[in-house]
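The values are calculated or read from the model by the stated rules, or taken from the named source; none is laboratory data. Since the structure is predicted, the reported quantities are computational estimates derived from the model, not experimental observations. A quick note on method: Cβ atoms are made from the backbone with ideal geometry, for glycine too, and the neighbour counts reach across all protein chains shown.
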Amino acid sequence: MLRIVGRNTLSIVQALGDFALFLGRSFRAAAGSRKIVRRIMRAGFEQGVRCLPVILIVGMFTGLVLGLQGYYVLNKFGSEGLLGTLVSLSLVREMGPVLAALMLVGQAGSALAAELGIQRNSEQIAALETMGVSSYAYLVAPRLIASLIVYPLQTALFVTVGLVGGALSGSVLLGLESGVYWSAVERAVESQDVRECFTKAAVFGLLTIGLCSYHGFNAHRNRSSTGARAVSASTTRAVVQSCITVLAADYVITSFLV
């Protein structure tokens, strides 16, 4: 039993060390890379514009559900006027950054892991390194830098659409005065809440895009499978670990900022 626990502990520590070195090499390679702005813009398009529909749809329905459920809960205590407070703080502090990150992982992160895995499997990454092109600077660093910009913007859009959805549930469907709702939102949300929201979004973006890039980039190191199965396994592992990491990081950041 002790041997199994020790072996697993060492493998986890080694994986964390490899991931930290991977991020360090990527950012160091970005410092000396030319024409990186164009690649950052392309990565921003992949993570931002292509993910807009899912962010808008999920944000709207999240706000609608929060408004509906929150109204019926508050109605039991005669506090319907606090619906804006409940919806806004739930979205800004927790649900907005977490759900937006999970949606971006499901679409942009999985596509990134699969793309890098295929490039590794078809030896395109090896060809770049043979020609003297840094694969970290060309393939990974622009995605990481773009995530620090795109994730906060997508989270802000998610929260805004969610607030509108909460207003639709409370004001249009349930008869709450819209002025009461929006005044409660204005009183509830403070600058500290907004900073916490953007901090979480940036950290989630770095961790999730980093994990997806790491697993796709190292798909050839999968011992249990090779070829297309290795790409599939790496993509699945990247998405699962990214989702778990988002929830764990959310708890850690909240415990320090609350």
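Which one is surrounded by the most Cβ atoms within 10 Å (Cβ to Cβ) among residues in the stretch 89-120 that are polar (S, T, N, Q) and within 13 Å of PHE217 (Cα to Cα)?
So in the stretch 89-120, the residues polar (S, T, N, Q) come out as 90, 107, 110, 119.
Still in the list and also within 13 Å of PHE217 (Cα to Cα): 110, 119.
Numbers: SER110: 18, GLN119: 20.
Within the stretch 89-120, the match that is surrounded by the most Cβ atoms within 10 Å (Cβ to Cβ) is GLN119.
Among the residues of this structure, GLY32 does not count as one that is within 24 Å of CYS197 (Cβ to Cβ) and in contact (Cβ under 8 Å) with a residue 40 or more places away in the chain. Within the stretch 172-229, if we keep just the residues that are part of a loop (DSSP other than H, G, I, E, B), touching a residue at least 24 places away in the same chain (Cβ under 8 Å) and more than 30 Å from LEU91 (Cβ to Cβ), the residue that is farthest from the chain's Cα centre (by Cα) turns out to be GLY227.
Within the stretch 31-63, the set of residues being out of contact with any Gly (no Cβ under 7 Å at 6 or more places or on another chain), small (Gly, Ala, Ser) and more than 18 Å from GLU115 (Cβ to Cβ) comprises ALA31, GLY32, SER33.
A count restricted to the stretch 184-209 and to residues that are buried (at least 18 other Cβ atoms within 10 Å of the Cβ), farther than 25 Å from LEU16 by Cα and either at pLDDT below 90 or touching a Leu at 6+ places or on another chain (Cβ under 8 Å) (or both) stands at 4.
Examine the stretch 114-125 for a residue that is part of a helix (DSSP H, G or I), among the basic types (Lys, Arg) and farther than 29 Å from ALA31 by Cβ, and state whether such a residue exists. Quick ask: steps written out before the conclusion?
Restricting attention to the stretch 114-125, the residues satisfying the condition of being part of a helix (DSSP H, G or I) are 114-121, 124-125.
Right, trim to among the basic types (Lys, Arg) and you get 120.
Still in the list and also farther than 29 Å from ALA31 by Cβ: none.
Among the residues of the stretch 114-125, not one is part of a helix (DSSP H, G or I), among the basic types (Lys, Arg) and farther than 29 Å from ALA31 by Cβ, which makes the answer no.
Among the residues of the stretch 125-138, the one identified as under 19 Å from ASN222 (Cα atoms) and surrounded by 14 or more Cβ atoms within 10 Å (Cβ to Cβ) is ILE125. Counting the residues of the stretch 19-41 that are loosely packed, with under 13 Cβ neighbours inside 10 Å and charged (D, E, K, R) gives 3. Yes or no: the stretch 43-59 includes at least one residue that is over 17 Å from the mean Cα position of the chain (by Cα) and either farther than 23 Å from LEU153 by Cβ or not in a helix (DSSP H, G or I) (or both). For the stretch 43-59, residues over 17 Å from the mean Cα position of the chain (by Cα) and either farther than 23 Å from LEU153 by Cβ or not in a helix (DSSP H, G or I) (or both): absent. Against the test of being touching a Ser or Thr at 6+ places or on another chain (Cβ under 7 Å), closer than 30 Å to SER134 by Cα and part of a helix (DSSP H, G or I), the options ALA15, ALA29 yield a single qualifying residue, ALA29. Taking the criterion of being touching a residue at least 24 places away in the same chain (Cβ under 8 Å) and over 18 Å from LEU211 (Cα atoms), the residues of the stretch 239-258 that qualify are ILE253, THR254, LEU257.
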